[in-house]
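K.L.:
The structure's right below; bear with me while I get my questions together.
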Amino acid sequence: MMVGLVGGLVGTIVMDLFGGALFVMMGGPASLSFTIIGDAAATFAAMLGLTVAGGTPLGALLHYLIGLVFGALFGAGASRVVVFRLDSLKKAIGLGTLYVELMSLPLLSVAAWVLQMTAGETAQWFGISFVMHLVYGLVLGLVAYYGLRATPAARLA
C-alpha cells in the first residue's frame, strides 16, 4: 500500500506539471483543472444543502487526496491479488493506465453533470483528462512495479 501511495503522489505531481504546461500552451491558467474540480465539488455539495467554497484550493486538495487514494488502492491490489501482480513493466504500465482511466470516469462524469457542461466542453474535459490520466497511470505503474520488486513482503503476499 505504501508503494501505491508513493506512486499516487508522484503520479499526481507529474500529471499536474504536464497538465499545467498543457493548459498554459492552450492559453489558459495552469490551475484550470483544480478550478474545475473545486467548482464541481462545491456545486455537488450545494446540491446536498452544504456550503463549501469551490475553486482552486479545494480542487487541488481533492485532486491530491484522490491521487493518493487511487494509488493506495492500486498498490494494494497489485500486491495482494495474484492476477494483478506486476510481473512485467509492460503489465504494470498497462494496468496502471487502464485502472486510472476507468476509476476516473465516474468523477469526470459527475463534474460534467453538476457544472452543466455543453457537449463541446464535456468532450474537451474528457479528452484532456484522458491524456493527463495516461501520464498518471504510466507513472503509477512504473513506481509500483519498481517499488514492489524491491519489497520482499509484496513478493510473498
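The values are calculated or read from the model by the stated rules, or taken from the named source; none is laboratory data. Note that the structure is a prediction, hence the values are computed from the model and not measured. So basically every Cβ, Gly included, is an ideal-geometry build from the backbone, and we count neighbours across all protein chains shown.
K.L.:
Those residues that are of a type outside the set (Gly, Ala, Ser) and assigned to a loop (DSSP other than H, G, I, E, B), I need them from the range 81-136; list them, please.
P.N.:
VAL81, ARG85, LEU86, ASP87, LEU115, GLN116, MET117, THR118
K.L.:
May I pose another question? Can you pull out every residue in the range 62-91 that is more than 14 Å from VAL6 (Cβ to Cβ) and either of a type in the set (A, V, I, L, M, F, W, C) or in contact with a strand residue (DSSP E or B) (Cβ under 7 Å, 6 or more places away or on another chain) (or both)?
P.N.:
Passing the criteria: LEU62, LEU65, ILE66, VAL81, VAL82, VAL83, PHE84, LEU86, LEU89.
K.L.:
Suppose we keep only residues that are among the β-branched types (Val, Ile, Thr) and surrounded by fewer than 16 Cβ atoms within 10 Å (Cβ to Cβ) within the range 55-97. Which one would you say is nearest to ILE36 (Cα to Cα)?
P.N.:
It comes out as VAL69.
K.L.:
Need the failing condition index for MET26 against (1) surrounded by fewer than 16 Cβ atoms within 10 Å (Cβ to Cβ); (2) more than 20 Å from ALA112 (Cβ to Cβ), just the number.
P.N.:
For MET26, the failing item is (2).
K.L.:
Can you say whether ILE13 is among the β-branched types (Val, Ile, Thr) and closer than 30 Å to LEU148 by Cα, as far as the supplied structure shows?
P.N.:
Spelling it out, ILE13 is indeed among the β-branched types (Val, Ile, Thr) and closer than 30 Å to LEU148 by Cα.
K.L.:
Tell me, which residue of the range 126-141 that is more than 9 Å from the chain's Cα centre (by Cα) and either more than 12 Å from GLY19 (Cβ to Cβ) or without any contact (Cβ under 8 Å) to a residue 12 or more places away in the chain (or both) is surrounded by the most Cβ atoms within 10 Å (Cβ to Cβ)?
P.N.:
LEU140
K.L.:
Something else: Can you find a residue that is in contact (Cβ under 8 Å) with a residue 24 or more places away in the chain, touching a Ser or Thr at 6+ places or on another chain (Cβ under 8 Å) and within 19 Å of MET15 (Cα to Cα) anywhere in the range 82-101?
P.N.:
No.
K.L.:
Considering (1) modelled with pLDDT of 95 or more; (2) exposed (fewer than 15 other Cβ atoms within 10 Å of the Cβ); (3) of a type in the set (Val, Ile, Thr); (4) under 20 Å from LEU5 (Cβ atoms), say which one VAL100 fails and leave the rest.
P.N.:
All conditions are met except number (2).
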